[in-house]
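Notes follow once the structure below has been shown.
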Amino acid sequence: MTRTSLRLAGALAASALLLAACGNDDGGSGDGTGSDGGDDARTYSIGVTQIAAHPSLDASLVGFKAALEDAGLDVEYDEENAQGDQSTAISIASGFASAGHDLVLAIATPTAQAAAQAITDVPILITAVTEPEAAGLVDSWDAPGANLTGTSDLNPVAEQLGLLAEIAPDAQTVGIVYSSGEVNSEVQVELAQEAATELGLEIRTAAVTNSGEVQQAADSLDVDAFYVPTDNTVIQSFEALLQVAESKSLPLVSADGDTVERGAIATYGIDYEQLGYQTGEMAVRILQDGADPAEMPIETLTDWPLVVNPAAAERMGVELPAELVERADTVIE
């Protein structure tokens, strides 16, 4: 406190002196419980655990941070990345359990599962998790039931396969490379198989255990086209799968917009930054308003923009229908 501040404080009543001594520079109460901006004055600690570095997951964290910044919250982030290794994800979660964070953000299913196992007394928000109930994270989508809630990136698999059928009407078999260790991927494969039956398509799969196996798995499939789900392991090595598709002139449709930018032909895709922002808004309700994660339903996006990449289609020997390009929300140049 400066000399000027001391002279001003001397003019106040004793009770005001106590408040000034405890308060922050902007007049908050310092414990985040005051009614006049106290929450804004508090510095929150948030642990972030992410299964791997790739653009979609990175974008979800960007959106999450933007939501808290827009809400005026002062946040310190403890960011950890498991680099695709589940044992590392478990280790990170164990460390967060005793780190004293106000909230933990778990990005993608494997890190969400690790966090849920290790952390029971701190709110956990998940994002980029396809099926939280099937992954054993919540009691139900509507009533999670414990200290965990968040957002799902469950994508419109049937519509995406329908898009593939529109782009490549002569295709009869569709290949899916997926990680056998990701529940979210198994769910999408099941949804794809259901949708394929109605579309008159046959799904052929190849499972991998790590990103180094993706190219060989893709090359092993005798198919007419590829579909790439929101599989963290596969998307880490997306370019390897893309190389197979381009070398064999096989159309490839994906489940998110980022992989279209990286070379897939099209998708009705997920805006992961928007999904992260939506998760951040949930964090604000928990931190500022005291919302209980157990009673906060899992949220999803409701808008699926059509994204197309004509140059990618050309590299795969596919001519996109003009009507498809015209109705696209985003055309990658």
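Values in this text are rule-based calculations from the coordinates and carry no lab data. Predicted, not measured: the structure shown is a model, and the values here were computed from it. Please note: Cβ atoms are built from the backbone with ideal geometry, for glycine as well, and neighbour counts cover all protein chains shown.
Database remark: amide H of Val208 closer than 5 angstrom to the amide H of Tyr178, Ser179, Ser180 (H placed geometrically; neighbours at sequence offset of 5 or more, or on other chains; Pro and chain starts carry no H). Is the shape of region 80-161 rounded, prolate or oblate, going by the alpha carbon gyration tensor and its root eigenvalues a ≥ b ≥ c, with a/c under 1.5 for rounded and a/b larger than b/c for prolate? Oblate, because a/c is 1.5 or more while a/b does not exceed b/c. Between Ser220 and Asp289, the modelled labels are 4.9 nm apart [label points 7 Å from Cα along Cα→Cβ]. Spacing of the modelled spin labels on Ala143 and Gln172, each 7 Å from Cα toward Cβ, amounts to 5.0 nm.
For the chain, the Kirkwood hydrodynamic radius from C-alpha pairs, put into Stokes-Einstein at 4 °C and a viscosity of 1.567 mPa s, yields a diffusion coefficient of 60 µm² per second.
Our note on the geometry: Cα centres of region 284-324 and region 229-279, 12 Å apart. Only DSSP H runs of four or more residues enter the estimate; each adds -39500 (n - 2.57), and after division by the residues of the chain the mean residue ellipticity at 222 nm equals -12500 deg cm²/dmol.
In this structure the amide hydrogen of Thr173, modeled in the peptide plane, comes within under 5 Å of the amide hydrogens of Glu202, Asp224, Ala225, none closer than 5 places in sequence on its chain.
Using θ = phi - 60° in the Karplus curve 6.51 cos²θ - 1.76 cosθ + 1.60, the 3J(HN,Hα) couplings for region 48-59 round to 10, 10, 10, 5, 6, 8, 8, x, 5, 5, 4, 5 Hz; x is entered for Gly and Pro.
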